[in-house]
Amino acid sequence: MQTLTRIHPPLCSRASIPSTARFLSHFHQHSAARRHYTMTTPIAQPSPDKIQVLAHAQYDAPESLSPSTVAPDPLAQFRAWFAAVTTQGSVHEPEAMTLCTASAAGVPSARVVLLKQADARGFVFYTNYTSRKSRELAANPRAALAFYWREVHKQVRVVGRAERVSREESEAYFHSRPRGSQVGAWASRQSEVVQDGEVQARAQKLAERFGEGEVPLPEFWGGWRIVPDEVEFWLGKPSRLHDRVRYTRIEGSPDDAPQWKIERLAP
């Protein structure tokens, strides 16, 4: 049986590279997190068609989590956690979240998308309304989200119902995007089968068509909001004895002022 080691390369934000001054100011503070990026994952390959992961990663978040210490509202608790990880700068792309949807027949699918807003009502992301995820949300408007912030040993899990955001919200976000991304939204018939170079050629023609003028919001593109009925916060602890706190929306409470049952779950 062959034993191999996988190296985790250093992570760097695709959106921007911090200035030298900012990098130096954060280097010592986050040196432990940066070293964590280059930790190895031992694996075994007993046969060509099998890989076994031999690692037993340990978690040890310094803080604790209990129903008595969290905010009374899960969206407020999420905003507090999210603000902390973005301010600290130790988590790479904290807005990345796994979105799980299912067809009307119950066939699931999952992909990573980017959170663009967490407001008093829910979690917002943007996409093509003809994509697989949108078609599934239209047929079965229930979804789950999962955030995993490895560097700080935290997870957030969300289950809820999906609704389209207003045209005005989609318009405002669309025009905040880089121009290339605006043109790309027009060019891509998301989730359809295409030929090599087809989308790029369409994008080039559209860029010439729009010229220097404003790129309008496509009718087939916009935002979805996941309105939570259940939110769980997970904090990694040694020996797999993690802290887990779950919020469950109390049935019958109004959307504009939901009430929540808060409970600890076994790890």
Do we find that residue 141 is without any contact (Cβ under 8 Å) to a residue 12 or more places away in the chain, open to solvent by 40 Å² or more (accessible area, probe 1.4 Å) and touching a strand residue (DSSP E or B) at 6+ places or on another chain (Cβ under 6 Å) in this structure? no
Scan 200, 204, 190, 259 and give me the residue that is closer than 23 Å to residue 174 by Cβ, in contact with a strand residue (DSSP E or B) (Cβ under 9 Å, 6 or more places away or on another chain) and open to solvent by 50 Å² or more (accessible area, probe 1.4 Å). 190
When residue 158 is evaluated against the numbered criteria (1) in contact with a Pro (Cβ under 6 Å, 6 or more places away or on another chain); (2) loosely packed, with under 15 Cβ neighbours inside 10 Å; (3) not aromatic (Phe, Trp, Tyr), which criterion, by number, is the only one it fails? (2)
Going through the range 80-132 one residue at a time, which ones are assigned to a loop (DSSP other than H, G, I, E, B), under 20 Å from residue 164 (Cα atoms) and within 11 Å of the chain's Cα centre (by Cα)? 95, 115, 116
Considering only residues of the range 61-79 that are open to solvent by 60 Å² or more (accessible area, probe 1.4 Å) and outside any helix (DSSP H, G or I), which is farthest from residue 250 (Cα to Cα)? 62
Out of the residues in the range 161-187 that are open to solvent by 50 Å² or more (accessible area, probe 1.4 Å) and hydrophobic (A, V, I, L, M, F, W, C), state the one that is nearest to residue 118 (Cα to Cα). 172
Would you pick out the residues in the range 207-219 that are within 30 Å of residue 119 (Cα to Cα), exposed (fewer than 15 other Cβ atoms within 10 Å of the Cβ) and either at pLDDT below 90 or of a type outside the set (Asp, Glu) (or both)? 216
Return the residue satisfying two criteria in turn: it lies in the range 40-59 and is outside any strand (DSSP E or B) and open to solvent by less than 100 Å² (accessible area, probe 1.4 Å), and of such residues it is nearest to residue 246 (Cα to Cα). 59
Quick one: would you say residue 239 is open to solvent by 70 Å² or more (accessible area, probe 1.4 Å), in contact with a helix residue (DSSP H, G or I) (Cβ under 6 Å, 6 or more places away or on another chain) and outside any strand (DSSP E or B)? no
Let me spell it out: the conditions are (1) in contact (Cβ under 8 Å) with a residue 12 or more places away in the chain; (2) within 26 Å of residue 171 (Cα to Cα), and residue 149 meets all of them except one. Which number is the exception? (2)
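The values are calculated or read from the model by the stated rules, or taken from the named source; none is laboratory data. Remember, it's a predicted structure, so these values are computed and weren't measured experimentally. Every residue, glycine as well, gets a Cβ built from its backbone with ideal geometry; the counts of neighbours run over all protein chains shown. Ligands, DNA and RNA are stripped out before the accessible areas are found, and what is left, the full protein with its side chains, is counted by its heavy atoms. Shrake-Rupley method; radii C 1.70, N 1.55, O 1.52, S 1.80 Å.
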